[in-house]
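Take a look at the structure below.
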Amino acid sequence: MSARSPLVLAIESSCDETAAAVLGGHDRLLSSVVHSQVELHAQYGGVVPELASRAHVMALPTVTREALQAAGVGPADIEAVVVTQGPGLVGALLCGIEFAKGFAFAHDIPLLGVNHLEGHVMAAFLETTPGFSPPQWPFVGLVVSGGHTSLYACEAPGRYAEVGRTVDDAVGEAYDKVSKLLGMGYPGGAAIDRRAARGDGTALRMPRPMLHKGGADFSFSGLKTAVAQYVEANPSSTEAEIDNLCAAFQEAAVDVLVSKTLTAARRLRYRQVVVAGGVASNRWLRAEFLRRGTDAGVAITVAPPALCTDNAAMIGAAGYARAAAAVASGVGFDAAALDAVATWPLGREV
Ligand code: KG4
Ligand code: ZN
């Protein structure tokens, strides 16, 4: 393997997914393995940090071995390691970081930390389908996940500025709370996605919080409360009415996301939007972004569904260029200063 396109191992463990991936180029994904802890945490209705850490410790070696095997390479072929440094649960992050340090130390190869949010955005650059054309810089990046809902001005690789964020719940959190409220389990985004597809979102009206105020900031707790009030006022709803409720909730949330993202693009004079994060796998969100983006003359790239929820491929995509530069400059392992960072807004130095 030439020094210009080294084999890079990526590790992700910031929340409740243990993941490893191997890349052979900045957009060349050779393997991606994700071990989800969803079943472990579902019984508690949310992620239990202590359990997440223990599960990461157990899964990291297996997931990494599987990623190496799927890529058809051995541990000694890897030339650099990139790992999620933050933001996330400190204990969970430390599991991946220590594992990555051990791997890099054993092979005396460089180790670099990656911002998880940059990872979500960069997932949109991975070539997973033939004929794929990557998004063009600069672009507005929208990250919609269980922990984050933020808009970024993405000027160039590594140069990001947050232009808006949620002032209360993340949109994924709203999906999960609504799902819990309706007895549809945790996490609930995918379940609401399915039920909403059968419903009629115009059958009832849901609020669109902060649609015309707050600049590029979002709010989703009022929408969740509106669903709670509907459920309380209509205790004997039929299945079809619940489908309609899911559709109305989802259409309200997506309307605000699409409107504010396209407004930010217009203000910044950017012609490209990138949408990523777990909620970006939502079918209504994808369809609405494509429809309204086309109408507004803005190119829309939504990360492939399999790379929207947490994975290591996106961490590899975000860290690849720096890893390749480290390999080219011949640096070996240096563990100094690579520590977990629980709160790390994208665009800020560690
Ligand atoms: O990016 P992610 O895996 O983890 C975080 O970094 O938070 O996002 C998880 C979130 C959860 O809130 C989950 O309910 C939501 O993404 N999600 C969805 C869908 N699939 C996952 N939300 C809406 N529709 C979906 N199809
Ligand atoms: Zn995430």
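General remarks:
- Filtered residue count, segment 83-92, keeping only those that are within 11 Å of LEU338 (Cα to Cα) and crowded, with 24+ Cβ neighbours inside 10 Å: 3
- Inspection of segment 87-100 identifies no residue that is away from ligand 2 (no atom under 16 Å from the Cβ), over 29 Å from GLU349 (Cβ atoms) and more than 19 Å from the chain's Cα centre (by Cα).
- Filter pass, SER237 being hydroxyl-bearing (Ser, Thr, Tyr), surrounded by fewer than 16 Cβ atoms within 10 Å (Cβ to Cβ) and under 27 Å from SER36 (Cβ atoms): no
- Out of SER13, SER32, sole residue that is open to solvent by less than 40 Å² (accessible area, probe 1.4 Å), within 15 Å of ligand 1 (Cβ to nearest atom) and within 20 Å of the chain's Cα centre (by Cα): SER13
- In segment 113-152, the residues that are among the hydrophobic types (A, V, I, L, M, F, W, C), within 16 Å of ligand 2 (Cβ to nearest atom) and open to solvent by 20 Å² or more (accessible area, probe 1.4 Å): MET122
- Checklist (1) open to solvent by 10 Å² or more (accessible area, probe 1.4 Å); (2) assigned to a helix (DSSP H, G or I); (3) of a type in the set (S, T, N, Q) applied to THR64, failing item: (1)
- Scope segment 268-287; condition in contact (Cβ under 8 Å) with a residue 40 or more places away in the chain and either outside any helix (DSSP H, G or I) or more than 21 Å from the chain's Cα centre (by Cα) (or both); matching residues: LEU268, TYR270, ARG271, GLN272, VAL273, VAL274, VAL275, ALA276, GLY277, ASN282
- Filter result for the condition that a residue is open to solvent by 30 Å² or more (accessible area, probe 1.4 Å), small (Gly, Ala, Ser) and not in a loop (DSSP other than H, G, I, E, B), over ALA306, ALA342, ALA323: ALA306
- Whether a residue is away from ligand 2 (no atom under 16 Å from the Cβ), open to solvent by less than 10 Å² (accessible area, probe 1.4 Å) and either assigned by TED's automatic domain parsing to the domain that holds GLY278 or more than 20 Å from the chain's Cα centre (by Cα) (or both) was assessed, and GLY24 passes this test.
- Segment 268-286, subset within 12 Å of ligand 1 (Cβ to nearest atom) and open to solvent by 10 Å² or more (accessible area, probe 1.4 Å), residue nearest to LEU112 (Cα to Cα): GLY278
- Pairs where the first residue, in segment 169-198, is without any contact (Cβ under 8 Å) to a residue 12 or more places away in the chain and within 13 Å of ALA42 (Cβ to Cβ) and the second is small (Gly, Ala, Ser) and more than 6 Å from ligand 1 (Cβ to nearest atom), C-beta under 7 Å, 6+ apart: MET184/ALA191
- For segment 168-187, a residue qualifies if it is touching a Ser or Thr at 6+ places or on another chain (Cβ under 8 Å), open to solvent by less than 40 Å² (accessible area, probe 1.4 Å) and either within 16 Å of ligand 2 (Cβ to nearest atom) or closer than 13 Å to ALA253 by Cβ (or both), and the qualifying residues are ASP169, ALA170, VAL171, GLY172, ALA174.
- Against the numbered list (1) open to solvent by 10 Å² or more (accessible area, probe 1.4 Å); (2) within 25 Å of the chain's Cα centre (by Cα); (3) on the phi > 0 side of the Ramachandran plot, GLY297 comes up short only at (2).
- Restricting SER281, SER259 to those that are within 16 Å of ligand 2 (Cβ to nearest atom) and of a type in the set (Ser, Thr, Tyr) reduces the list to SER281.
- Restricting segment 69-82 to residues that are surrounded by fewer than 21 Cβ atoms within 10 Å (Cβ to Cβ) and aliphatic (A, V, I, L, M), the residue that is nearest to SER13 (Cα to Cα): ALA70
- Here GLY316, GLY332 are screened, and the one residue that is at pLDDT below 95 and open to solvent by less than 50 Å² (accessible area, probe 1.4 Å) is GLY332.
The values are calculated or read from the model by the stated rules, or taken from the named source; none is laboratory data. Since this is a predicted model, take the numbers as computed values, not measurements. Cβ coordinates were reconstructed from backbone atoms using ideal geometry, including for glycine residues, and neighbour counts include every protein chain displayed. Quick note on the areas: whole protein, heavy atoms, side chains included, nothing else; ligands and nucleic acids left out. Shrake-Rupley method; radii C 1.70, N 1.55, O 1.52, S 1.80 Å.
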